[in-house]
Structures are given as C-alpha cells and as structure tokens.
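Novice: Input: one structure, supplied below.
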Amino acid sequence: MIDTLMLLIIDESKWLTASLSLAVLLSIVIFAWHRPADQNWRRRITPIINLFFSVTIGTMAFGHLLAVTVKNHLGTLDGSLLLLYLLGAILFLPAVTLGRYSLKLLREKVPSRTLIALNTTLAVALLAMGLHNFPLALPGFLNIGYQIHKRRSIGWALLGICAVVNIGLFIGSLVFLASGQSFEQFQGID
C-alpha cells in the first residue's frame with residue numbers, strides 16, 4: 001500500500017490533471033457561493049481566476065516538493081536536493097499567497113498591484129524554469145490583463161482566452177496522463 005502511494009506521488013503525469021481538477025472544483029464552489037451584493041461581475045470573477053491559477057500552480061509545486069522528498073527518501077533523487085526544494089518553494093510560496101489574497105478578495109478589497117505582483121512572480125518563475133512552461137504561465141499573464149482592463153469587451157475576451165487555455169491544459173494533461181510517460185519522454189527529450 002505504501003509503495004503504491006509512493007509511486008503515485010512521484011508519478012509526474014498525474015499532478016497536472018489533479019491540480020486542474022482541484023482548481024475547477026474550488027472555482028465552481030466559490031462561484032456558486034460568492035455573490036457580491038452589487039452583483040458586479042468583475043468582483044465575482046477576479047477572485048476565481050486568481051484562485052484557479054494559484055491552486056493549479058500551488059498544487060503542482062506541492063506535488064513537486066512531495067515527490068522530491070519521497071525520491072530522496074527512496075534514494076532515487078536525481079539532482080541537488082536543495083536546488084529542487086528551492087524550485088518548488090519559488091512556486092509554492094507565491095501560489096499560496098495568491099490563494100490567500102484571492103480568498104481575502106471575496107470579503108474585502110485587495111490592491112490590484114498585489115494581485116498583479118503575485119501573478120507576475122508566478123508566471124515569470126514558470127518561464128524562468130523553461131519555455132515549455134509557457135502554457136502554465138499564460139493564465140497568470142491573462143489574470144494581469146484582467147486586472148488592468150478598462151473595457152468590458154476586453155475583460156470578456158481575456159476570460160474567454162483564459163478558459164480556452166485552461167481547457168487546453170486540461171485536455172493536454174489527460175493526454176499526458178494516458179501516455180504513462182515521464183515529462184522528458186513525452187516531450188521527446190529523453
């Protein structure tokens with residue numbers, strides 16, 4: 001049982017699907033539950049898109065940290081333990097902070113610059129870890145655009161693009177999950 005759990009934890013093909021599924025579930029619950037008195041769509045959507053991004057990246061970063069810990073315990077870790085923990089923490093800490101601010105936004109106003117800074121930190125950190133992370137970083141940049149948009153049509157266009165990107169990520173995660181390959185094998189790097 002424990003061996004099966006450890007193999008599940010270190011199987012990177014499952015984390016993206018799990019994180020996106022959790023983000024969808026939480027977003028649906030928050031959208032159904034959070035109804036501002038003025039029914040302002042922007043006040044209703046802003047926390048959800050930020051929470052979706054934070055949960056997606058935060059869950060994946062947590063999975064990375066957990067997998068590094070398990071691989072280190074099993075003696076199969078390939079790479080520097082400190083560097084791998086640092087890479088996970090660079091994503092996990094801002095993702096958790098963005099999640100906290102997103103939930104806080106449900107009750108009170110949060111400065112836009114805080115949300116913009118956290119989305120920027122996550123998106124840039126993902127890109128710094130490799131251009132193959134661009135699809136994961138894109139929702140963060142779209143969140144920034146949503147924060148600064150001035151016209152309703154631009155806001156809806158950004159939300160549409162964000163939905164298409166996240167649906168594409170989910171479909172891609174299912175294909176990756178079904179392949180049973182490592183990320184390197186799936187990308188043809190290995």
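Novice: Name the residue, out of LEU65, LEU25, LEU20, that is buried (at least 21 other Cβ atoms within 10 Å of the Cβ) and in a helix (DSSP H, G or I). Walk me through it before giving the result.
Specialist: Numbers: LEU65 fails: buried (at least 21 other Cβ atoms within 10 Å of the Cβ); LEU25 fails: buried (at least 21 other Cβ atoms within 10 Å of the Cβ).
Selected residue: LEU20, the only one of LEU65, LEU25, LEU20 that is buried (at least 21 other Cβ atoms within 10 Å of the Cβ) and in a helix (DSSP H, G or I).
Novice: Select from the stretch 127-168 the residues that are within 15 Å of LEU115 (Cα to Cα) and of a type in the set (Val, Ile, Thr) and write down the one among them that is surrounded by the most Cβ atoms within 10 Å (Cβ to Cβ).
Specialist: Among them, the one singled out is ILE144.
Novice: Could you tell me which numbered condition VAL24 fails, if it satisfies all but one of (1) in contact with a helix residue (DSSP H, G or I) (Cβ under 6 Å, 6 or more places away or on another chain); (2) within 27 Å of ILE171 (Cβ to Cβ)?
Specialist: (1)
Novice: Name the one entry in TYR101, TYR146 that is in contact (Cβ under 8 Å) with a residue 60 or more places away in the chain, among the aromatic types (Phe, Trp, Tyr), touching a Leu at 6+ places or on another chain (Cβ under 8 Å) and assigned to a helix (DSSP H, G or I). Spell out the reasoning first.
Specialist: Details: TYR101 fails: in contact (Cβ under 8 Å) with a residue 60 or more places away in the chain.
When all the criteria are applied, what remains is TYR146.
Novice: What do you reckon, is LEU91 farther than 19 Å from GLN147 by Cα and either exposed (fewer than 14 other Cβ atoms within 10 Å of the Cβ) or among the basic types (Lys, Arg) (or both)?
Specialist: Details: farther than 19 Å from GLN147 by Cα: yes; either exposed (fewer than 14 other Cβ atoms within 10 Å of the Cβ) or among the basic types (Lys, Arg) (or both): no.
So LEU91 fails the test.
Novice: Within the set of pairs 6 or more residues apart or between chains, which connect a residue that is closer than 19 Å to ILE171 by Cα and touching a residue at least 60 places away in the same chain (Cβ under 8 Å) inside the stretch 124-139 to a residue that is aromatic (Phe, Trp, Tyr) and part of a helix (DSSP H, G or I) with Cβ atoms less than 7 Å apart?
Specialist: Correct list of pairs: PRO139/PHE53.
Novice: Let me ask another. Mind checking which residues of the stretch 104-126 are under 12 Å from LEU91 (Cα atoms) and in contact with a Leu (Cβ under 9 Å, 6 or more places away or on another chain)? Don't jump to the end; show me each part of the working.
Specialist: First pass over the stretch 104-126, keeping only residues under 12 Å from LEU91 (Cα atoms): 118-126.
Correct list: LEU118, ASN119, THR121, LEU122, ALA123, ALA125, LEU126.
Yes/no per residue for (1) closer than 30 Å to LEU158 by Cα; (2) among the small types (Gly, Ala, Ser):
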site: ILE48; (1), (2): yes, no
site: THR59; (1), (2): yes, no
site: GLY63; (1), (2): yes, yes
site: VAL68; (1), (2): no, no
site: LEU81; (1), (2): no, no
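Novice: Do we find a residue being more than 21 Å from TRP41 (Cβ to Cβ), among the basic types (Lys, Arg) and surrounded by 14 or more Cβ atoms within 10 Å (Cβ to Cβ) anywhere in the stretch 113-120?
Specialist: Checking the stretch 113-120: not a single residue is more than 21 Å from TRP41 (Cβ to Cβ), among the basic types (Lys, Arg) and surrounded by 14 or more Cβ atoms within 10 Å (Cβ to Cβ).
Novice: Then there is this: Could you check, for the stretch 35-57, whether at least one of its residues is at pLDDT 90 or above, part of a helix (DSSP H, G or I), of a type in the set (Gly, Ala, Ser) and surrounded by 14 or more Cβ atoms within 10 Å (Cβ to Cβ)?
Specialist: For the stretch 35-57, residues at pLDDT 90 or above, part of a helix (DSSP H, G or I), of a type in the set (Gly, Ala, Ser) and surrounded by 14 or more Cβ atoms within 10 Å (Cβ to Cβ): present.
The values are calculated or read from the model by the stated rules, or taken from the named source; none is laboratory data. Please read all numbers here as calculations on a predicted model, not as lab measurements. Virtual Cβ from ideal backbone geometry, glycine too; neighbours counted across all protein chains shown.
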